[in-house]
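**Student:** One structure coming up, written as structure tokens, with questions to follow.
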Amino acid sequence: MKKALLVIGVLFISVSMAYAGSDVKGAIINKSDVKGAANVAMGEGATADMGTVKMKDSSLKGAIINQSSVKGAANVAMGKGATAQMGTVDLNKSDVKGAIINQSDVKGAANVAMGQDATAQMGTVSMDKSDLKGAIINKSSVKGAANVAMGKGATAQMGTVSMDKSSVKGAIINQSDVKGAANVAMGQDAKAQMGTVSMDKSDLKGAIINKSSVKGAANVAMGKGATARMGTVSMDKSSVKGAIINQSDVKGAANVAMGKGAEANMGSVVVE
């Protein structure tokens, strides 16, 4: 049975917040300040979270607001299925009616996930097998940071709204600022994304607006089927009824994909 949580007019101050099998009516507000810290998880299924709101198998009617500041910190997860997250809102198999607002500031930090299906995320809103009726607003600032995922199926994301097998009725707005950062995914089917809205096998009724700024950054994906994206709206086997607007600014950046079937996109709208 799901736990019922009534969260109205309450301010949470913490490094990270996690909900599993919960029913939340109201608002989840996370205002975290992490400086010069080390957050490490090692082993199969290891998870390391900093300045993050995470929901799994949960229901929310209201809003999620994540205002996290992560500076000069190291966030590391090592092992099969390892996950490392900084300044992120992560939804997995959840139902949300309302708004998700992510305002994260990540500077001079290292975020690393190593192992098969490893995932490293910075200043990202990530939805997997979820349903949203409302809006996603991602206003993340990532500067001078290193975000690395290594291993088969590895994924590295910065200033991105990522959706997999999800449904959205409303709007997705991505206003991310990525400067002087390194975003790297290495391994078969590796994926590296910066300032991107990515939809995979999803359904959208409404609008996608991507206004991302990527400057002096390196975005690299290496391996068979590797994918590297910057300032892009990408859709794979998805359905959209509405509008897609991509206004991305990419300057002095390197976007590289290497390997059989590798793909690199900058300031693009990709429909597959």
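All of the numbers you see were taken from the coordinates with simple rules; none came from a lab. Since the model is a prediction, treat every value here as computed from it, not as a measurement. Cβ coordinates were reconstructed from backbone atoms using ideal geometry, including for glycine residues, and neighbour counts include every protein chain displayed.
**Student:** What percentages make up the Cα-Cα pair-distance distribution of the stretch 69-224 when the bins are 5 Å wide from 0?
**Tutor:** Per 5 Å bin, starting at zero, the Cα-Cα P(r) for the stretch 69-224 comes out as 2, 11, 20, 23, 20, 14, 8, 1 percent.
**Student:** Can you run the Rg to Rh ratio on the chain? Use alpha carbon positions and the Kirkwood inverse-distance Rh.
**Tutor:** Working: Rg = 16.7 Å, Rh = 17.8 Å.
Result: Rg/Rh = 0.94.
**Student:** Skipping prolines and chain starts, which residues have an amide H placed within reach, meaning under 5 Å, of the one on Gly134, given they are 5 or more residues away or on another chain?
**Tutor:** Gly98, Lys169, Gly170, Ala171
**Student:** Something else about it: Name the long-range amide H neighbours of Ala226: under 5 Å, sequence gap of 5 or more, or other chain; modelled H, no Pro or chain starts.
**Tutor:** Under 5 Å from the amide H of Ala226: Asp189, Ala190, Ala262, Glu263.
**Student:** Can you tell me the FRET efficiency between Ala207 and Asp249 if r is taken as the Cβ-Cβ distance and R0 is 22 Å, rounded to the nearest 0.05?
**Tutor:** Values: r = 20 Å, r/R0 = 0.89.
Efficiency computed from Cβ-Cβ geometry: 0.65.
**Student:** Let me ask you something else. Once you charge only the Cβ atoms, +1 for Lys and Arg and -1 for Asp and Glu, what is the size of the charge dipole of the chain about its Cα centre, to the nearest 20 debye? Write down the numbers at each step before the final one.
**Tutor:** Numbers: 32 positive and 20 negative charges, 73 e Å.
Rounded to the nearest 20 debye, it is 360 debye.
**Student:** Mind grabbing the base-10 log of I(q)/I(0) for the stretch 139-272 at q = 0.10, 0.13, 0.15, 0.17 Å⁻¹? Debye formula, identical points on the C-alpha positions, no solvent, two decimal places.
**Tutor:** Evaluating at q = 0.10, 0.13, 0.15, 0.17 Å⁻¹ gives log10 I(q)/I(0) of -0.27, -0.47, -0.63, -0.80.
**Student:** Sticking with this structure for a sec: So, counting K/R as plus one and D/E as minus one, what does the shell of residues with Cβ under 11 Å around Leu204 add up to? It would help to have the intermediate numbers written out before the result.
**Tutor:** Details: positive: Lys169, Lys205, Lys241; negative: Asp203.
Local net charge: +2.
**Student:** Follow-up question, since we're still on this one. Taking a 18 Å limit on the Cα-Cα distance, which of the listed pairs Lys97/Lys191; Lys54/Lys93; Lys54/Lys97; Lys139/Lys241 fall beyond it?
**Tutor:** Lys97/Lys191; Lys139/Lys241, as the Cα separations exceed 18 Å there.
**Student:** Relative contact order, percent, of the stretch 170-272 when contacts are C-alpha pairs under 8 Å separated by at least 6 residues? Can you show the working numbers first?
**Tutor:** Numbers: 335 pairs, mean separation 31.9, N = 103.
It rounds to 31 percent for the stretch 170-272.
**Student:** Over the stretch 28-132, one equal point on each Cα, no solvent: what is log10 I(q)/I(0) by the Debye formula at q = 0.18 Å⁻¹?
**Tutor:** -0.81
**Student:** If you take every residue apart from Gly259 with its C-beta less than 11 Å away from the C-beta of Gly259, what net charge results, scoring Lys and Arg +1 and Asp and Glu -1?
**Tutor:** Here the count lands on 0.
**Student:** Could I have the simple spin-label model distance between Lys237 and Val256, label points 7 Å from Cα toward Cβ, reported in nm to one decimal?
**Tutor:** 3.1 nm
**Student:** Taking the convex hull of the Cα atoms, report for the stretch 103-154 its projected area averaged over all directions, in nm². It would help to have the intermediate numbers written out before the result.
**Tutor:** Values: hull surface 17.0 nm².
The Cα convex hull of the stretch 103-154, projected and averaged over all directions, gives 4.2 nm².
**Student:** Contour minus end-to-end for Asp57 and Lys165, with contour as 0.36 nm per residue of separation and end-to-end as the Cα-Cα distance? Working shown, then result.
**Tutor:** Numbers: separation 108, 0.36 × 108 = 38.88 nm, distance 1.45 nm.
Full-extension gain reported as 37.4 nm.
**Student:** Related question: Normalise the Cα radius of gyration of the stretch 16-74 by 2.2 N^0.38 Å (N = residues in it) and let me know the number. Don't skip to the end; give the middle numbers.
**Tutor:** Numbers: Rg = 13.2 Å, N = 59, 2.2 N^0.38 = 10.4 Å.
In units of the globular-protein estimate, the stretch 16-74 measures up at 1.27.
**Student:** Would you mind giving the average projected area, over all directions, of the Cα convex hull of the stretch 81-172 in nm² with one decimal? If you can, show how the numbers build up before the last one.
**Tutor:** Details: hull surface 21.0 nm².
The directionally averaged projection comes out at 5.3 nm².
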